[in-house]
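To keep things clear, I will list the structure first and then write my remarks on it.
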Amino acid sequence: MKIMAGNSNLPLARAVAGYLELPLTDASVRRFADEEIFVEIHENVRGEDVFIVQPTSFPANDNLMELLICIDALRRASAKRITAVVPYFGYARQDRKPGPRTPISAKLVSNLITEAGADRVLSVDLHAGQIQGFFDIPTDNLYAAPVMAADIQARYGDQDLTVVSPDVGGVVRARALAKRLDNAPLAIVDKRRDKPGQSEVMNIIGDVTDKACILIDDIVDSGGTLCNAAQALLDEGAKSVTAYITHGVLSGGAVARVNGSALKELVITDSILATDAANDSDRIRILTIAPLLGEAIRRIADESSVSSLFD
């Protein structure tokens with residue numbers, strides 16, 4: 001088994017390799033003067049089970065191309081099996097046609113990864129479960145919920161908790177976390193989105209009075225939905241609001257928005273390499289998913305059960 005890394009999130013790749021007590025594969029992923037990507041593998045990978053750690057976060061297109069070229073390089077070097085470890089799957093939010101004459105880009109990206117030569121895909125908290133069906137190769141979708149639940153129990157276990165979904169679409173995710181937190185009660189923020197990147201909170205479904213609210217979602221991008229939801233919960237009588245989000249995209253002025261919001265804390269994972277602004281914020285904390293990814297990789301290599309990780 002070998003672990004290879006693109007340039008998207010080297011610290012996470014090193015942490016995964018450290019968990020598995022393996023060195024990263026000696027390879028260079030660099031750019032020519034015209035920004036073309038060039039990959040060269042400096043060690044023998046013939047007959048090896050190779051895992052490429054490469055989230056396709058910002059810049060999404062560059063990181064996706066890196067992943068595809070790495071896969072092609074390994075295929076041509078006669079690797080036995082190539083697994084694309086994509087903790088954050090870019091384009092996942094384009095998983096359906098929102099209107100006429102629009103693409104389903106998540107399906108296109110899955111086709112690209114398959115055609116490049118990947119034999120398997122490993123991701124974390126896909127935005128929509130049906131994306132697994134976009135691939136014609138085995139796809140494992142890991143969940144960050146166990147990591148988050150352990151952290152919540154350690155920090156807020158002595159408080160009266162309510163798990164909150166920031167929209168109706170995230171109820172299944174929120175219910176799964178609530179179940180891990182000794183069947184904590186559930187609340188939903190009912191909102192209306194007028195245009196992309198903006199949301200208007202309408203009302204709260206459920207009792208949040210004097211509760212320590214845990215907002216749970218898979219992606220925080222602009223942060224508008226999250227900050228509006230936090231304020232609405234406090235207006236309804238919540239004692240505090242903490243957000244646990246798997247993928248901290250945090251584009252544009254999101255970090256500043258979080259810093260100025262009613263959120264007690266925003267907890268994200270290291271599926272995406274955090275920006276300097278996020279690292280410097282005293283409102284944002286990062287949980288590592290390296291052990292989760294490392295254990296899943298070990299089980300895939302050993303041909304043992306991955307799903308039992310979440311029992």
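For T209, the conditions (1) under 21 Å from V124 (Cβ atoms); (2) at pLDDT 90 or above all hold with the exception of (1).
For region 141-160, check the following and say yes or no: at least one residue is under 19 Å from S261 (Cα atoms) and at pLDDT below 95. For region 141-160, residues under 19 Å from S261 (Cα atoms) and at pLDDT below 95: absent.
For L108, indicate whether it is at pLDDT 95 or above, closer than 30 Å to D167 by Cβ, of a type in the set (A, V, I, L, M) and exposed (fewer than 15 other Cβ atoms within 10 Å of the Cβ).
yes
The strands (runs of 3 or more DSSP E) found wholly in region 50-158 and carrying at least 2 residues that are touching a residue at least 12 places away in the same chain (Cβ under 8 Å) and more than 18 Å from H247 (Cα to Cα) occupy 81-86. Any idea which residue in region 1-43 is surrounded by the fewest Cβ atoms within 10 Å (Cβ to Cβ), counting only those that are within 18 Å of T83 (Cβ to Cβ) and among the polar types (S, T, N, Q)? Of everything passing the filter in region 1-43, T25 is surrounded by the fewest Cβ atoms within 10 Å (Cβ to Cβ).
Go through region 250-311 and tell me which helices (runs of 4 or more DSSP H), entirely inside it, have 3 or more residues that are open to solvent by less than 50 Å² (accessible area, probe 1.4 Å).
In region 250-311, 254-259, 290-302 are the helices (runs of 4 or more DSSP H) which contain 3 or more residues that are open to solvent by less than 50 Å² (accessible area, probe 1.4 Å).
The values are calculated or read from the model by the stated rules, or taken from the named source; none is laboratory data. Bear in mind that the values here come from a model prediction, so they are computed numbers and not experimental data. Cβ atoms come from the backbone with ideal geometry, glycine included; neighbour counts cover every protein chain shown. We work out accessible area using only protein heavy atoms, side chains counted, and drop any ligands, DNA or RNA first. Shrake-Rupley method; radii C 1.70, N 1.55, O 1.52, S 1.80 Å.
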